[in-house]
């Protein structure tokens, strides 16, 4: 069996005495969209933050394209150029205009010239229909627009994997659709994605596989059909009953 | 009635709505306080006349002031009169059965009555200040605000203020650079940075603990005594600049550090996740945002710095205060020093107002 593109094995992580991740094994192949579902506090966000080395891990191995990227001495900056991350609270830089937000990393990290970064940013903004907002400040945009900008800010670095941490949870319900639309677009374009989400219908439509986390453990993994129509584990059934009725 | 609720709602004459409280009492108290204030104003303003029997010209002027002031104070009675008029209006509305409408004039009556009391209190404080200035044959005015001495010293005193302005400008630049550097050193991460962080903490604690005037004294008199070529033999002003810079940098370092700390960690997470190094995240994301937040309190510190430049006179430098003290000693009168007070008042007030404006604008921007 060939190694998966992103491979997580026996990952453990604690905050103080509280163990958040209790040995997670997960493989994500290229062009796969893997949705993490589970209640708040089940470890979805922590798992994503560990993959991006925003949190140090206690034990286990994370490797990307066969290269171990976890642990002491790893060049985290190189890792992060391959792995993009989008956050629940958008985290746009409020002192920079929309286009400057998108241009910053390509210029400072990717070494692009100002002109090249500007071109790339404009193309990406056009893709999400926000070209006319290029010179707006982030707080002049709606939440949905901000999150779309945050997504293309990531894409401007041309990552090989995209991590998305409940990117629609902070949005008003009527703004969720426009963000999911872009994610669908990216998925159809073959982007590899690992995302934590509460949007069950999105998971059902777009995911190649769905993973259920419960109290820091990976309980069940399968195709959306398997997980949503015929969940094997009692915890999964219990969670889905609540999530789908609410 | 088409409104189905009307049946269950009390009608205006049903007696379930209470008539407004009468605020006549407040109006009467306001009138009484107004009358007493007018009397006290007359007494206070004519008090000065008892010292000017030998100066008919001045007496005439003071008499006019007293009359004008008392007439002005009579305006206080407008408030209780208006209050009573509004209350009468309220009574009329109650009589007509419109209890809800009566609340407005009743409330206005209360406001007018209280306003009269507020203005009376302010007037009495002003009158008291006038009495203080003029009492004992104008002793206070002569000691602090003698126009003759003020005019005579003003030119040279204000010329000496140039030195205070130079010191302020030179120290401001040094403080800005030094503080930002120290604040960033204070935040170097990891075990390697620990001794450096300790050093900055020690510096900040040390200079915040020692009164600025002691720092100025020690540096201004101490460094020249060392006879070390590099730090002795400077012009006195530069010792003052150095001392003020060292002292104020401690405070401003803390200011920068807390502003940097106040930037939410998610901003750093976002920057790092895009591949920026820690140093780049600080340079392009954290520090620019922190700097905006820091501008109003920073200007506040610079206002304090301007005022503290008056401390350098202990080095025997002829700054604005030193020059004024020289005149004060010659005249045996403090009016030249009042000129210094006025000088700082005039340059400081616009700046503090500007800082208030910036803070206000920032609050609006945050929304």
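Candidates are the residues of the range B:244-268 that are in contact with a helix residue (DSSP H, G or I) (Cβ under 8 Å, 6 or more places away or on another chain) and free of Cβ contacts under 8 Å to residues at least 40 places away in the same chain; the one that is surrounded by the fewest Cβ atoms within 10 Å (Cβ to Cβ) is B:262.
In the set (1) in contact (Cβ under 8 Å) with a residue 40 or more places away in the chain; (2) surrounded by 20 or more Cβ atoms within 10 Å (Cβ to Cβ); (3) away from chain B (no Cβ under 14 Å), residue A:168 fails one condition alone, (1).
May I ask you to verify whether residue B:289 is under 31 Å from the mean Cα position of the chain (by Cα), in contact (Cβ under 8 Å) with a residue 12 or more places away in the chain and facing chain A (nearest Cβ under 10 Å)? Considered against the rule, which asks whether it is under 31 Å from the mean Cα position of the chain (by Cα), in contact (Cβ under 8 Å) with a residue 12 or more places away in the chain and facing chain A (nearest Cβ under 10 Å), residue B:289 comes out as yes.
When residue B:196 is tested against (1) free of Cβ contacts under 8 Å to residues at least 24 places away in the same chain; (2) surrounded by 15 or more Cβ atoms within 10 Å (Cβ to Cβ), exactly one condition is not met: (2). Output yes when any residue across the range B:313-327 is at positive phi, more than 14 Å from chain A (Cβ to nearest Cβ) and either free of Cβ contacts under 8 Å to residues at least 24 places away in the same chain or touching a helix residue (DSSP H, G or I) at 6+ places or on another chain (Cβ under 8 Å) (or both), and no when none is. Yes, that holds for at least one residue.
Residue selection: residue B:331 satisfies the criterion of being in contact (Cβ under 8 Å) with a residue 24 or more places away in the chain, more than 14 Å from chain A (Cβ to nearest Cβ) and over 22 Å from the mean Cα position of the chain (by Cα). All of (1) free of Cβ contacts under 8 Å to residues at least 40 places away in the same chain; (2) within 12 Å of chain B (Cβ to nearest Cβ) hold for residue A:174 with one exception: (2).
Matching residues to (1) at pLDDT 90 or above; (2) surrounded by fewer than 18 Cβ atoms within 10 Å (Cβ to Cβ); (3) in contact with a strand residue (DSSP E or B) (Cβ under 9 Å, 6 or more places away or on another chain):
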residue	(1), (2), (3)
B:322	no, no, no
B:328	no, no, no
B:333	no, no, no
B:336	no, no, no
B:345	yes, yes, no
B:351	no, yes, no
B:356	no, yes, no
B:362	no, yes, no
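The values are calculated or read from the model by the stated rules, or taken from the named source; none is laboratory data. Remember, predicted model here, so these are calculated numbers, not experimental data. Cβ atoms come from the backbone with ideal geometry, glycine included; neighbour counts cover every protein chain shown.
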